[in-house]
Amino acid sequence: MAPSALPSFSSSFLFPLKTQKSFKPPKPLTIICSSQEAKKPSKNPQRPTSRNRKRTPYGTSRRSILKKTFTQEQVKFTDGVSADPHVGIIGGGMAGLLCALSLEKRGVKSTVFDTGMHGLGGRMGTRVIDPQQLIFDHAAQFFTVSDSRFSKLVDYWLEKGLVREWQGLVGQLELGGRFVPLPSSPPRFIGVNGMRPLADSLLSETSMVNVVRPCWISKLEPFNGMWHLSENGKPHGEFDAIVIAHNGKCANRLLASSGLPLIARQMKRLDLSSIWALLAAFEHPLPMGDGKVTFQGAFVKGVDSVSWMANNSLKLLGSQSNGPHCWTFFSTAAYGKQNKVPQENIPSQTAEKVKTSMLEGVEAALGLPKGSLPRPIYSRVQLWGAALPTNTPGIPCIFDPHGRAGICGDWLLGSNLESAALSGMALANHIADYLQSDGACPEEFAVGLEKEFEAIKGHDIGQFALAGVESSLKQHNEMSAFQLAT
């Protein structure tokens, strides 16, 4: 993407830029990180290796991540920033990618580290199954636009043919097969070829963004005035500032011994629900109690195991689809909690149980007799262990100027694709402003470190208010409006 296509996003959007005087956090121990520090004589003056590096008091010897989070020392950088600053971004979802793009627009280079085996995008995921050519959006299903800054980016995508408006019938499906259409306003947008190609296209025209994947950054280490990132002992470069653009247990583990107690504390406050995704392909259109399914997407009400269902084949291919019907089903958060297992290693017995239970839920939602739902020709379950936030600080980003580290993500503003994009833009511009100041008066750049979290009502895909859609749904007085978080 050409940097000029990105909307301007002033750091004045952030609030507050200065830490409130009333905030009195526990005074942490401080590690001064400066390239001018006196060093003991050494045979090897280079950065210590994992074998000879002196263990820090906040290292991995702590038994509890929570204990380390609140007792670790605060890193405090004192040197000025580099003449050609470099930012390390951990996480290649929408927030991380937009952060990188916005930094490039401000003349700052970055490296994005992402764990994706198949591509970037995080929960902007699309899975294609060969040789049947089955296609599933298995995370974010669509997005809407309510902010002018995000609108400029979407206009660019429309111009390039990367997204289009989803004209398919979407509504609410009640237990027993009663379907209520939703208004088409505000418009719902989808990636033309699924969500993942949209994420991949974001960096197609960049010149100052490097991508490293698959890569699991496992350690952040302040040394000689810079942040050093590594993956299981393998160095991955040094950076003037770092961005945490992911969340959940991996982010908490990474921050627990980082020397960023204020950042770690805010991340630790985040509470996330779990949601199961079932991808299932059927040879023929699904039946309903009164005929065939004609809708392309539905928020499901009254079924414990299912909260959303969408026909990817009709959504993405429309009338051109003459193959199997590829459906994405999402569970409720309550069902996800009841059946939560390690998402990296789902037991086969649990996978089969979840698939059976969710298909039974689909059958009930469609008003079909028990046992009459056609058997899928392909199926796969996936657990999104850190799917949707149940609380939020309601602020675009968090930044610790002393530690030169920040957080961005959709959960900071709510939970949708637009929130992720705005958060990434906000943090990028805030970091760029900080770098331009050469680190002078860092207190003026502290943001979000003390912001309290507030609960978000509901925990399912169908219970996160979406600007614009919510008001339309209230007119029907049937439900509140929503979309799957990115």
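Here is how the numbers come out for the structure above:
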{"item": "Residues of the range 277-316 satisfying the condition of being without any contact (Cβ under 8 Å) to a residue 60 or more places away in the chain, on the phi < 0 side of the Ramachandran plot and either surrounded by fewer than 23 Cβ atoms within 10 Å (Cβ to Cβ) or among the aliphatic types (A, V, I, L, M) (or both)", "result": "PRO285, LYS292, ASP304, VAL306"}
{"item": "Residues satisfying the stated conditions in the range 383-422, i.e. assigned to a strand (DSSP E or B), of a type outside the set (Gly, Ala, Ser) and out of contact with any His (no Cβ under 6 Å at 6 or more places or on another chain)", "result": "LEU383, TRP384, LEU388, PRO389, ASN391, THR392, ILE398, ASP400, ILE407"}
{"item": "Qualifying residue in the range 87-107 (condition: surrounded by fewer than 18 Cβ atoms within 10 Å (Cβ to Cβ), in contact with a strand residue (DSSP E or B) (Cβ under 9 Å, 6 or more places away or on another chain) and not aliphatic (A, V, I, L, M))", "result": "no"}
{"item": "Those residues of the range 146-168 which are in contact with a Leu (Cβ under 9 Å, 6 or more places away or on another chain), part of a loop (DSSP other than H, G, I, E, B) and either open to solvent by less than 50 Å² (accessible area, probe 1.4 Å) or of a type in the set (A, V, I, L, M, F, W, C) (or both), in sequence order", "result": "ASP147, LEU162, GLY168"}
{"item": "Selected residue (only one of ARG375, ARG380 is among the basic types (Lys, Arg), more than 12 Å from the chain's Cα centre (by Cα) and assigned to a strand (DSSP E or B))", "result": "ARG380"}
{"item": "The listed residue being more than 28 Å from VAL108 (Cβ to Cβ) and buried (at least 23 other Cβ atoms within 10 Å of the Cβ), out of ALA405, ALA421, ALA387", "result": "ALA387"}
{"item": "Residue in the range 258-268 that is open to solvent by 10 Å² or more (accessible area, probe 1.4 Å) and assigned to a loop (DSSP other than H, G, I, E, B) present", "result": "no"}
{"item": "Lone qualifier among MET195, MET208 - being surrounded by fewer than 19 Cβ atoms within 10 Å (Cβ to Cβ), among the hydrophobic types (A, V, I, L, M, F, W, C) and closer than 21 Å to GLY96 by Cβ", "result": "MET208"}
{"item": "The range 85-108 residues that are closer than 11 Å to VAL211 by Cα, paired with ones that are among the charged types (D, E, K, R) (beta carbon under 6 Å, 6 or more apart)", "result": "GLY92/ASP114"}
{"item": "Pick from the range 335-384, criterion of a type in the set (Asp, Glu) and over 22 Å from PHE299 (Cβ atoms), ranking: most open to solvent (accessible area, probe 1.4 Å)", "result": "GLU344"}
{"item": "Test: residue in the range 223-237 that is modelled with pLDDT of 90 or more, out of contact with any helix residue (DSSP H, G or I) (no Cβ under 9 Å at 6 or more places or on another chain), open to solvent by 30 Å² or more (accessible area, probe 1.4 Å) and under 23 Å from SER102 (Cα atoms)", "result": "yes"}
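Residues checked against (1) more than 21 Å from LEU101 (Cβ to Cβ); (2) in contact with an Asp or Glu (Cβ under 8 Å, 6 or more places away or on another chain); (3) buried (at least 24 other Cβ atoms within 10 Å of the Cβ); (4) not aliphatic (A, V, I, L, M):
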{"position": "LEU412", "(1), (2), (3), (4)": "no, no, yes, no"}
{"position": "LEU435", "(1), (2), (3), (4)": "no, yes, no, no"}
{"position": "ASP438", "(1), (2), (3), (4)": "yes, no, no, yes"}
{"position": "LEU449", "(1), (2), (3), (4)": "yes, yes, no, no"}
{"position": "GLU452", "(1), (2), (3), (4)": "yes, no, no, yes"}
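The values are calculated or read from the model by the stated rules, or taken from the named source; none is laboratory data. Please read all numbers here as calculations on a predicted model, not as lab measurements. In this analysis, Cβ positions are derived from the backbone assuming ideal geometry, glycine residues included, and neighbour counts consider all displayed protein chains. These accessible areas exclude ligands, DNA and RNA; they are computed on the full protein's heavy atoms, side chains included. Shrake-Rupley method; radii C 1.70, N 1.55, O 1.52, S 1.80 Å.
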